[in-house]
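For reference, the structure discussed in these notes is given below.
The values are calculated or read from the model by the stated rules, or taken from the named source; none is laboratory data. Values in this document were obtained by computation on a predicted structure and should not be read as measured data. Note: ideal-geometry Cβ built from the backbone for every residue, glycine included; neighbour counts use all protein chains shown. Side chains are part of the model used for accessible areas, which takes the heavy atoms of the whole protein and leaves out ligands, DNA and RNA. Shrake-Rupley method; radii C 1.70, N 1.55, O 1.52, S 1.80 Å.
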Amino acid sequence: GNSVTQMEGPVTLSEEAFLTINCTYTATGYPSLFWYVQYPGEGLQLLLKATKADDKGSNKGFEATYRKETTSFHLEKGSVQVSDSAVYFCALSDSGNTGKLIFGQGTTLQVKP
Amino acid sequence: EAGVAQSPRYKIIEKRQSVAFWCNPISGHATLYWYQQILGQGPKLLIQFQNNGVVDDSQLPKDRFSAERLKGVDSTLKIQPAKLEDSAVYLCASSYREGASYEQYFGPGTRLTVT
């Protein structure tokens, strides 16, 4: 079945460091790919998405490129801030296009000043 | 625009008791999802409604979990009887329509602890 695997956390970085959170997936068909973020005490929010191969999603300085050949959707940011501290979830849409999301286990990012 | 509302925010019960969670989606959103998020894991879909019809309940433990969305607006998720392994955050999400093109908006969740 479809699945998503994320790198283990927590990830601890200093402010202004470069961020990469790895995400790989297994899926039939051509799913859409998503990154969601959960800030402390808040609900899940969509950060960015990509709907087809080679698409790049971007938002708030974060980017991820849909790589079909490596079945990956790694999240990157050039310079993280303390306010980026949160849990990040990679997800894919089920191939039936019902909107059902399959999530990875989440990666906690902690940014220190 | 008001977001997805859920209540209660926290609930502690003993095993074998019953519990119910309520969700009010964003106005006009036809699709409603219930996810279960166990500590340290990503959310897992329990049930999806399109208006008041069930689209997917393949992951819902139907011997103890039930959900309804009467009138196609708000929804209730019930657990009866609860087990220790049901301790989790229950998330409700809604979207304008079903399909990957429509963003899902999540509520704050209900944190359930079963003792």
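Computed values, structure above
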read-out: Test: residue B:63 is farther than 23 Å from residue A:90 by Cα and in contact (Cβ under 8 Å) with a residue 24 or more places away in the chain; value: no
read-out: Test set (1) within 11 Å of another protein chain (Cβ to nearest Cβ); (2) over 20 Å from residue B:103 (Cβ atoms) - residue B:68 fails condition number; value: (1)
read-out: Condition check for residue B:76: touching a residue at least 24 places away in the same chain (Cβ under 8 Å) and at the interface with another protein chain (Cβ under 10 Å from one of its Cβ atoms); value: no
read-out: Yes/no for residue B:71 being open to solvent by 90 Å² or more (accessible area, probe 1.4 Å) and either assigned to a strand (DSSP E or B) or in contact with a His (Cβ under 6 Å, 6 or more places away or on another chain) (or both); value: no
read-out: When residues of region B:36-61 are limited to those that are farther than 23 Å from residue A:3 by Cα and outside any strand (DSSP E or B), the one least open to solvent (accessible area, probe 1.4 Å); value: B:51
read-out: Every pair of residues 6+ apart whose Cβ atoms lie under 6 Å, when the first sits in region A:1-12 and is within 11 Å of another protein chain (Cβ to nearest Cβ) while the second is in a strand (DSSP E or B) and open to solvent by 40 Å² or more (accessible area, probe 1.4 Å); value: A:3/A:26; A:5/A:24; A:9/A:108
read-out: Region B:10-23 residues that are of a type in the set (D, E, K, R), paired with ones that are assigned to a strand (DSSP E or B) (beta carbon under 6 Å, 6 or more apart); value: B:11/B:19; B:11/B:112; B:15/B:114
read-out: Residue satisfying condition, being without any contact (Cβ under 8 Å) to a residue 40 or more places away in the chain, more than 13 Å from every other protein chain (Cβ to nearest Cβ) and out of contact with any helix residue (DSSP H, G or I) (no Cβ under 8 Å at 6 or more places or on another chain), within set A:60, A:100; value: A:60
read-out: Flag for residue B:96 being hydroxyl-bearing (Ser, Thr, Tyr), open to solvent by 50 Å² or more (accessible area, probe 1.4 Å) and within 18 Å of residue B:4 (Cα to Cα); value: yes
read-out: Residue in region A:63-81 that is in contact with a Leu (Cβ under 7 Å, 6 or more places away or on another chain), more than 30 Å from residue B:6 (Cα to Cα), at pLDDT 95 or above and of a type in the set (Lys, Arg) present; value: yes
read-out: Elements of type strands (runs of 3 or more DSSP E) contained in region A:1-105, each with 3 or more residues being in contact with a Phe, Trp or Tyr (Cβ under 9 Å, 6 or more places away or on another chain), open to solvent by 50 Å² or more (accessible area, probe 1.4 Å) and aromatic (Phe, Trp, Tyr); value: none
read-out: Residues satisfying the stated conditions in region B:41-59, i.e. facing chain A (nearest Cβ under 7 Å) and within 19 Å of residue B:114 (Cα to Cα); value: B:41, B:43
read-out: Check on residue B:24, touching a Leu at 6+ places or on another chain (Cβ under 9 Å), more than 23 Å from residue A:92 (Cα to Cα), more than 10 Å from every other protein chain (Cβ to nearest Cβ) and open to solvent by 20 Å² or more (accessible area, probe 1.4 Å); value: no
